[in-house]
Amino acid sequence: MLHPIRIGFFLAGLLCLAIPSFGQHVTIDKINIQGLKRTRPSIVFRELTFAEGDTLPQRDLGPILERNRNNLLNLGIFNDVIVNISEWDTETSIVNISIEVKESWYIYAVPILDLADRNFNVWWTTYNHSFDRINLGGSLEWLNVTGRNDKLKAKIQFGYTPKQEIEYRFPYLNKRQSVGITTGFSHSINKEVSYATLQNQEQFIKFDERRVGEQWMGRLNSFYRPNLFTKYELGLNYHYRAIDHKIVDDYNPIYFANGDSTQSIFSLRALFEYDDRDLKIFPSTGVKFSVEAEKIGLSSHADEQAMITTITGEWNGTIGRKFQQRISAVGKYSISRDLPSYVYYRGLGSDRKYVAGYELYIIDGLDFVLGKYQLAFELIDKQTDISKIMPVPQFKRITYAVYLSLLAEAGYVNNPYTGAENSLANRWLYGGGPALTVLLYNNFLFQFSYCGNAEGEWGFFIHNRTSF
């Protein structure tokens, strides 16, 4: 039989062995970056939560390295990132960290085959996939122009909606890389315009082939990013719109709030955002919260006077190794309660704000609330070498993930002015169904869903977006 004192020494020894594994730290000596061709090293260092000389808890190394990998992927300029320990001196607890990146293809100069309608589903179903409603032209998206994660975007478009557009985003103006700007200009001509919403559908009109609408827009947006997860924005926008006077005279006399056929407006937009999600294009963990306020019309003589506030929130979490879930909500409230111009009287159905199953509808209103829940199961997460068939070096190794999801969504639009003509306003809307989500190169997302709504309608819908 063991003596109680011996048992005490034995347990104390076990405790001494266990404590280092929980309390031991490592110190970062060097951070080595490999694979950079255009990107400046300072852009990579800016996104890291650690620096040379920092001390990290040993037990948290795995999650810390994965967090920083995702931070770099969120830039949208790398196809893949590997963050690892390259050297580890166990006696001194000093480590070297290696970061290996595969830069993305930066110049996307492609011909435009675009739709005049707000999304693919409307074009395919409502307008019977008419080729008359297609725009042709060319677009340029040049990422990482100077190696500082800046972006140049240009477009020239002909066809149903002629358009010219140019935009430049420069995220790092100062040495701390915390201040940036975006500036842009666009001009478009419309041969057809929407003049009203009836039975939750936009009503379009055109007069032969003559111009019935024209828009000029310019904007200057500044942002301040004091740390990795917090951002402040302040933007000044100018918008000039003109429509054929016949639309105002015969179809909608309050198309613009001033009762005229032209509208010239300056607006000011302010935003606060906190975002610590791991992979922003399809996150599995983390939260996002933002508050936005926009003042439309900056003088007492402006053609439009409105004040709009928007609050968004999102939570992401995992269940085991394969399941992840997402809960998000967005709410808009118009402080100005007067009827605005038709172009500003928007609720759900545009700007990626919709209830699943209601993609074919526009629900106008002053205010709205939208909630979404998604449960996703990871089917595939792989890398495959396709160098034999892919001539572009940046895409020779494809990274792809496939998720099977279940969507459940609800929304409500408050429409105090035209709700009698639009049955989907002023009541709760419910929709959802299964979806298949495909993520390519950590930058391109495609979602294919078969969703139904509270009206008993079911349909197949396609959505896509990119991380840049």
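Residues are listed down the side, and each one gets a yes or a no for (1) open to solvent by 70 Å² or more (accessible area, probe 1.4 Å); (2) among the acidic types (Asp, Glu):
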| position | (1), (2) |
| --- | --- |
| Leu348 | no, no |
| Asp351 | yes, yes |
| Val369 | no, no |
| Thr384 | no, no |
| Pro391 | yes, no |
| Ala410 | no, no |
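If you check Ala425, Ala408, Ala420 for being at pLDDT 95 or above and either outside any loop (DSSP other than H, G, I, E, B) or among the acidic types (Asp, Glu) (or both), only one passes: Ala408. Restricting the search to segment 185-202, which residues are modelled with pLDDT under 90 and aliphatic (A, V, I, L, M)? Once the filter is applied, which keeps residues that are modelled with pLDDT under 90 and aliphatic (A, V, I, L, M), segment 185-202 yields Ile189, Val193. Apart from one condition, His245 fits all of (1) within 27 Å of Phe272 (Cα to Cα); (2) exposed (fewer than 15 other Cβ atoms within 10 Å of the Cβ); (3) out of contact with any strand residue (DSSP E or B) (no Cβ under 7 Å at 6 or more places or on another chain); the exception is (1). Counted as qualifying within segment 189-242 are the strands (runs of 3 or more DSSP E) with 1 or more residues that are touching a residue at least 60 places away in the same chain (Cβ under 8 Å) and touching a Phe, Trp or Tyr at 6+ places or on another chain (Cβ under 8 Å), namely 193-198, 201-205.
When only residues in segment 393-404 that are farther than 17 Å from Leu279 by Cα and open to solvent by less than 40 Å² (accessible area, probe 1.4 Å) count, which is modelled with the lowest pLDDT? If we take residues in segment 393-404 being farther than 17 Å from Leu279 by Cα and open to solvent by less than 40 Å² (accessible area, probe 1.4 Å), then Phe395 is modelled with the lowest pLDDT. Which one of these does Asn258 not meet: (1) more than 26 Å from Gln305 (Cβ to Cβ); (2) open to solvent by 50 Å² or more (accessible area, probe 1.4 Å); (3) among the polar types (S, T, N, Q)? Unmet condition: (1). Looking across segment 452-466, the residues that are open to solvent by 70 Å² or more (accessible area, probe 1.4 Å) and not in a strand (DSSP E or B) come down to Glu455, Glu457. Reported count of residues in segment 324-351, each being within 22 Å of the chain's Cα centre (by Cα) and not aliphatic (A, V, I, L, M), is 13.
Residue-by-condition table, conditions (1) outside any strand (DSSP E or B); (2) modelled with pLDDT of 90 or more:
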position: His129; (1), (2): yes, no
position: Gly137; (1), (2): no, no
position: Glu141; (1), (2): no, no
position: Leu152; (1), (2): no, yes
position: Ile156; (1), (2): no, no
position: Thr161; (1), (2): yes, no
position: Ile166; (1), (2): no, yes
position: Gln177; (1), (2): yes, yes
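In the condition set (1) within 23 Å of the chain's Cα centre (by Cα); (2) of a type outside the set (Lys, Arg); (3) on the phi < 0 side of the Ramachandran plot, Tyr251 is compliant with all but (1).
The values are calculated or read from the model by the stated rules, or taken from the named source; none is laboratory data. Only a predicted model underlies this, so the values are computations on that prediction, with no experimental measurement involved. So basically every Cβ, Gly included, is an ideal-geometry build from the backbone, and we count neighbours across all protein chains shown. Just so you know, the surface numbers come from the protein's heavy atoms only, side chains and all, with ligands and any DNA or RNA stripped out. Shrake-Rupley method; radii C 1.70, N 1.55, O 1.52, S 1.80 Å.
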